[in-house]
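Below is one structure, written out as structure tokens, with a few remarks after it.
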Amino acid sequence: MDLVAVERGQLIRQEALRLGFDDVGFAPAEEIGEEAGHFKRWLGRGYHAGMDYMARNVAKRTDPRKLVEGAKSVVVVLQNYMPPRNEKLESGLKLAKYAYGRDYHKVMKKRLKKLMSFIQSDVDTAAEGRFFVDSAPVLERSLAIRAGLGWRGKNTSLIHPRLGSFVFIGEIILNIELPTGKPVKDACGGCSRCIDACPTNALMSPYQLDANRCISYLTIENKGDIPESFKGRFDGWFFGCDICQDVCPRNWKARPHKDPDFSLRTEFRDMTREEWMTMDENIFDDIFKGSPIRRAGFSGIKRNLKFVTEDQSQPPC
């Protein structure tokens, strides 16, 4: 191993942790072979549903060097967002934990920008690159796996041995050599809790998620009506869904985050179901400023709230 690369990695890791990231690893900037095949088969089956953007720039998604000319390494950071066990909405409605607080894109990009500046000033003045947080055609989980930060769970989420799966992923693609992470063994074993718990059968088989049936897709990315065939299955989830992660034993022992940026907003926690249902667009714009919930839009949230309210009055099929 190149000692210079090792020293660079140590400096970057120390600074990343100081900035508030919960773990960091390094992957080579090269074509992602086996994962690329898995991704292309997923697309071929139409499991990406209406997310047409996933089928674009496939070459860039599977090779970081096509995003950053001269790229040699990828710094991959993880940010824990696991909330305290008792943190939930008083209304009984359910919101994906990643949307409890501030928009993670903004929080993490700010930290990655600082990390990039540190690399260029204190690690290698010749360093050049780009940083991303779910904002470019990058197979983030695949890079995290290659960086030794966990394995792909049967629910398709990245599972970190210590942090579990409630983690945000960010990366910096660089033109300098860094040490390569060691693979983490898949520890799902014979467990199938995530597959068994999915109320819409979106997990077709281990490691195979059909977004057409996924509550997260249907309540966020989906721009049309939610199919009537899913009535009685949402159990109050109106933006995203954490069921397959909540039942994962790896998350039962994970420690909650200590970052106020990701804590449940007081407005979200205290709103009554009636207030959720009757809010107008002005209230929506005010309450959800700086929140990832804005991705679904006002009409999308109203659609979801109407669906889950009717949904909870009907028995599951």
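Laboratory data are not the source of any read-out in this text; all were calculated from the coordinates shown. All values derive from a computational prediction rather than experimental measurement. As a convention, Cβ positions derive from the backbone with ideal geometry for all residues, glycine included, and neighbour counts pool all protein chains shown.
So if I average 1/r over every pair of distinct C-alpha atoms in the range 134-246 and take the inverse, what Kirkwood radius in Å does that give?
Averaging 1/r across every pair of different Cα atoms and inverting gives 15.7 Å.
Determine ³J(HN,Hα), in whole Hz, for all residues of the range 3-13 in sequence, where each value follows from phi through the Karplus function 6.51 cos²θ - 1.76 cosθ + 1.60 and θ = phi - 60°; x replaces Gly and Pro.
4, 5, 4, 5, 5, 4, x, 5, 5, 5, 4
So how do 11, 163 line up by other beta-carbon neighbours within 10 Å, fewest first?
Least to most surrounded, the residues fall as 11, 163.
Find how many whole Å separate the alpha carbon centroid of the range 193-233 from the alpha carbon centroid of the range 106-140.
33 Å
From the cross-link list 94/231; 154/182; 185/231; 40/97; 223/289; 66/289, which pairs have alpha carbons spaced over 27 Å apart?
Values: 94/231 16 Å; 154/182 21 Å; 185/231 38 Å; 40/97 29 Å; 223/289 21 Å; 66/289 34 Å.
Result: 185/231; 40/97; 66/289 exceed 27 Å.
Along the charge dipole of the range 1-102, pointing to its positive end and built from +1/-1 on Cβ of Lys, Arg, Asp and Glu, which listed residue (11, 91, 70) has its Cα farthest out?
Sorting the options by dipole projection puts first 91.
Which order do the peptides 13-20, 139-146 come out in when sorted by mean C-beta neighbours inside 10 angstrom, highest first?
Highest to lowest by the protection proxy: 139-146, 13-20.
Rounded to whole Hz and in sequence order, give me ³J(HN,Hα) for the range 31-44 from the Karplus expression 6.51 cos²θ - 1.76 cosθ + 1.60, θ = phi - 60°, writing x for Gly and Pro.
4, 8, x, 4, 5, 5, x, 4, 5, 5, 5, 4, 5, x
Search the structure for amide H atoms under 5 Å from the amide H of residue 237, placed 1.01 Å from N in the peptide plane, and list their residues when 5 or more places away or on another chain.
Those lying under 5 Å, H to H, from residue 237 are 94.
If I compute Cα Rg over 2.2 N^0.38 Å from the structure I just sent, which labelled value in (i) 1.02; (ii) 1.41; (iii) 1.21 lines up?
Given (i) 1.02; (ii) 1.41; (iii) 1.21, the calculated one carries the label (i).
Treating the beta-carbon of each Lys and Arg as +1 and of each Asp and Glu as -1, no other charges, what is the dipole magnitude of the range 93-221 about its Cα centre, to the nearest 20 debye?
Using only the charged Cβ atoms, the result is roughly 440 debye.
Only Lys, Arg, Asp and Glu count, each charged at its Cβ (+1, +1, -1, -1), so figure out the dipole size of the range 162-288 about its Cα centre, rounded to 20 debye.
With only Lys, Arg, Asp and Glu charged at Cβ, the dipole is about 980 debye.
Could you tell me the relative contact order of the range 193-311? Use alpha-carbon pairs under 8 Å, at least six residues apart, and round to a whole percent.
34 percent.
So, in nm, how far is label residue 7 from label residue 298 when the simple model puts each one 7 Å beyond its Cα toward the Cβ?
Rounded to a tenth, the inter-label distance reads 5.8 nm.
Can you list residues whose amide H is under 5 Å from residue 187's amide H, if they're 5+ apart or on another chain and H is modeled 1.01 Å from N?
none
How large are Rg and Dmax for the range 6-144 when only the alpha carbon atoms are used, in Å?
Calculated on Cα positions, Rg and Dmax stand at 17.3, 53 Å.
How large is ³J(HN,Hα), in whole Hz, for each residue of the range 60-77 in order, when computed from phi with the Karplus curve 6.51 cos²θ - 1.76 cosθ + 1.60 and θ = phi - 60°, using x for Gly and Pro?
5, 5, 9, 8, x, 5, 7, 9, 10, 4, x, 5, 10, 9, 10, 8, 10, 10
Looking at the chain, what % of its DSSP beta bridges pair antiparallel, to the nearest 5?
90 percent
Charges at C-beta only: +1 for Lys and Arg, -1 for Asp and Glu. How large is the resulting dipole of the chain about its Cα centre, in Debye rounded to 20?
Working: 49 positive and 43 negative charges, 87 e Å.
With only Lys, Arg, Asp and Glu charged at Cβ, the dipole is about 420 debye.
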